[in-house]
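These notes are about the structure you will find just below.
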Amino acid sequence: MLTMVYEETKAKKLQKEECIISCLPSDLIERIFLRLPVSTLLKCTGVCKQWYKLIRDPHFIAAHLEQAPRCALLFFSQESVSGKRYPSDAIIFDEFWSQSTLAVPVIGPEDLLCGTCNGLLCLYTKTSKIKIANFATGECLHLDKPIKNLKGDHFSFYRFGFHPVTKEYKVIHFLGEHRNYSQGTFNVIQVYTLGSEQWRDIRTTEALSISCVKNYGVVGVDGAMFWLTEDSAARWKHAVISFDLREETLTRIQLPAAALENSNSRRYWITEIDGKLCIATAEVHRHRPRVLSDKLQIWMLDSKVEQRWSQMYNLSDGRKYLPGPHFVHRDKILMQGTSCKLYSYELFGMNCEINSSDRLLLDFSPRKPDNMQSYICVKSLVQLDVYKKVSIVHGPKQREGWELKKWEGLKREIQGVEDAWRNIYELEQNSLAFPRHLGMVAKEVLQHLPDEVIQQRITAEVDKILQQLPDCPDQHLRSLRRLNWVERKWDNEKLSARTDGVKDITKVSEQAQDGIRKALSNVRDHLQDYSIIKTALVMR
């Protein structure tokens, strides 16, 4: 009866709240929704047709995307360390630098990240497909690669961009003489526009360096893709190549003269900072070409037409190396130590010490230090089902790649951890259940004492013993989605600590049982019916 009343009251309350919200002006509802995260908005689409229509409206999606907070996404490709396989995975830091715990479900165990734009990930697979996925909604789009079984093909030769005027998303592929991963040239850029039926070839005016694309990176800024190439006029110099995603034309941009030093040990990185194209350059160690050995200069392109640059930062030697392509985020620069640790450093001004005020963001051991990419991304509502006429679209439950035999060991390991957590919780419950039950029996027995003073004194003694019992730890809430590999590592450490804690709980539980029995044995002479307490004393 009480349950029925409660459910009826709850239903009336929800109906009243829905009525109140429905009475709000539509523009106010929209402004409220614009402040909500994607995960909440996806739940709101199932409330009513009005909300579904609003949240799925392209104008609302664009407005929500415009003010969505920018996050740092760290991607780790699959690898084997000391004979143990680790799948491809990602760690996301939100705008407050809080670390995610859940894995990104659209990333398969062998996927490789080619780029991210407006909440969409471009993922290279070992199959004949390129995968475009919205990592917040779980929607995936599968595209045919331009050339199947291309010898020397590599994930770094694919990039993903967006033009803010045409609203078109494009995948570009650098096609050329890449007989191996670090040498050769290319003179064709293959372009695929989401929603079109085929790839198109765009020929370059000159042979461009494929090694620069792989080693120095490619970034998208304001409707164009940018990368470095070796200057044909002087082999030790570099220049920036711009590929306009609307006109599909190429432009050469000279680097600032101050950044072009004739040195075989100078390295360059191309990146984007606050929506601007930037170049970073520094001397590196001869035998460790990714580790900085001198000051890091960062230059910003002020004018593409005038090819004018200005220096943003001149940072002291940090004995670190940069995780590309996006390593500056909200006045912080991300740098890896020589060990498997990622730090963030405050950027106080153009000349600052990057060794000061450092903060350890992530210890990613046992992963390899040169196997991490850093991106800036957002969580968005951008839909992929509008392209389903020409491509295959999968919903958020798609879990391709995890059924491969090579990943069965990992699945068994994760399942074993889940079983261990359940066993630990049962042990904790059982260890504390008996002394509490014994305490209840003791209090019932004490009601038969003729002397109320003794009854109260012994009852207080039993209560004191029960109060010393530890609170049973909350059941470990297991997520319906799998944890990322960093959180799994911490989860295993928590499991180990909780396993050790069960021994302490069992010891305290046994001490409590002995204390209650001792308290009861002191009053057995006061009881007329000794059979009740005798039963309590022998219970196990």
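The figures follow:
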| quantity | calculated |
| --- | --- |
| Some residue of the stretch 142-160 being under 21 Å from L41 (Cβ atoms) and of a type outside the set (A, V, I, L, M) | no |
| The one condition in (1) touching a residue at least 24 places away in the same chain (Cβ under 8 Å); (2) closer than 30 Å to T125 by Cβ that Q415 fails to fulfil | (1) |
| Qualifying positions in the stretch 441-465 - surrounded by 12 or more Cβ atoms within 10 Å (Cβ to Cβ) and either within 13 Å of A512 (Cβ to Cβ) or of a type in the set (A, V, I, L, M) (or both) | V441, A442, V445, L446, L449, I454, I458, E461, V462, D463, I465 |
| Among residues of the stretch 313-344, those that are among the aliphatic types (A, V, I, L, M) and surrounded by fewer than 21 Cβ atoms within 10 Å (Cβ to Cβ), counted | 0 |
| Any pair with Cβ under 9 angstrom, 6 or more apart, that starts in the stretch 141-159 at a residue that is more than 20 Å from G108 (Cβ to Cβ) and ends at one that is open to solvent by 40 Å² or more (accessible area, probe 1.4 Å) and among the charged types (D, E, K, R) | P146/D201; K151/R179; G152/E177; G152/R179 |
| Entirely in the stretch 193-251, the strands (runs of 3 or more DSSP E) that have 2 or more residues that are more than 21 Å from W299 (Cα to Cα) and not polar (S, T, N, Q) | 200-209 |
| Matching residues, the stretch 249-293, being within 29 Å of F160 (Cβ to Cβ), over 31 Å from the mean Cα position of the chain (by Cα) and open to solvent by 30 Å² or more (accessible area, probe 1.4 Å) | T249, L250, T251, R252, Q254 |
| In the stretch 294-307, the residues that are of a type outside the set (V, I, T) and open to solvent by 60 Å² or more (accessible area, probe 1.4 Å) | D294, K295, D302, K304, E306, Q307 |
| Condition check for L113: among the hydrophobic types (A, V, I, L, M, F, W, C), in the same structural domain as K214 (by the TED database), at negative phi and modelled with pLDDT under 95 | no |
| The stretch 466-478 - residue that is of a type in the set (A, V, I, L, M, F, W, C) and modelled with pLDDT of 75 or more and, of those, most open to solvent (accessible area, probe 1.4 Å) | L466 |
| The one condition in (1) open to solvent by 40 Å² or more (accessible area, probe 1.4 Å); (2) touching a strand residue (DSSP E or B) at 6+ places or on another chain (Cβ under 8 Å); (3) free of Cβ contacts under 8 Å to residues at least 24 places away in the same chain that V188 fails to fulfil | (1) |
| Positions within the stretch 25-51 being hydroxyl-bearing (S, T, Y), without any contact (Cβ under 8 Å) to a residue 40 or more places away in the chain and part of a helix (DSSP H, G or I), in sequence order | S26, T40 |
| Check on L483, touching an Asp or Glu at 6+ places or on another chain (Cβ under 8 Å), open to solvent by less than 50 Å² (accessible area, probe 1.4 Å) and at pLDDT 85 or above | yes |
| Whichever residue in the stretch 15-34 is of a type in the set (D, E, K, R) and modelled with pLDDT under 65 and, among such residues, is least open to solvent (accessible area, probe 1.4 Å) | E17 |
| Strands (runs of 3 or more DSSP E) (entirely within the stretch 111-151) containing at least 2 residues that are touching a Leu at 6+ places or on another chain (Cβ under 7 Å) and under 18 Å from V218 (Cβ atoms) | 112-117, 120-124, 129-134 |
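Condition check ((1) at pLDDT below 90; (2) of a type outside the set (S, T, Y)) across all residues:
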{"position": "P37", "(1), (2)": "no, yes"}
{"position": "T40", "(1), (2)": "no, no"}
{"position": "V47", "(1), (2)": "yes, yes"}
{"position": "P58", "(1), (2)": "no, yes"}
{"position": "E66", "(1), (2)": "no, yes"}
{"position": "G83", "(1), (2)": "yes, yes"}
{"position": "S88", "(1), (2)": "no, no"}
{"position": "I92", "(1), (2)": "no, yes"}
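The values are calculated or read from the model by the stated rules, or taken from the named source; none is laboratory data. Keep in mind the model is a prediction, meaning the values are calculated, not measured. Backbone-built Cβ (ideal geometry, glycine too); neighbour counts: all protein chains shown. SASA here: full protein model, heavy atoms, side chains in, ligands and nucleic acids out. Shrake-Rupley method; radii C 1.70, N 1.55, O 1.52, S 1.80 Å.
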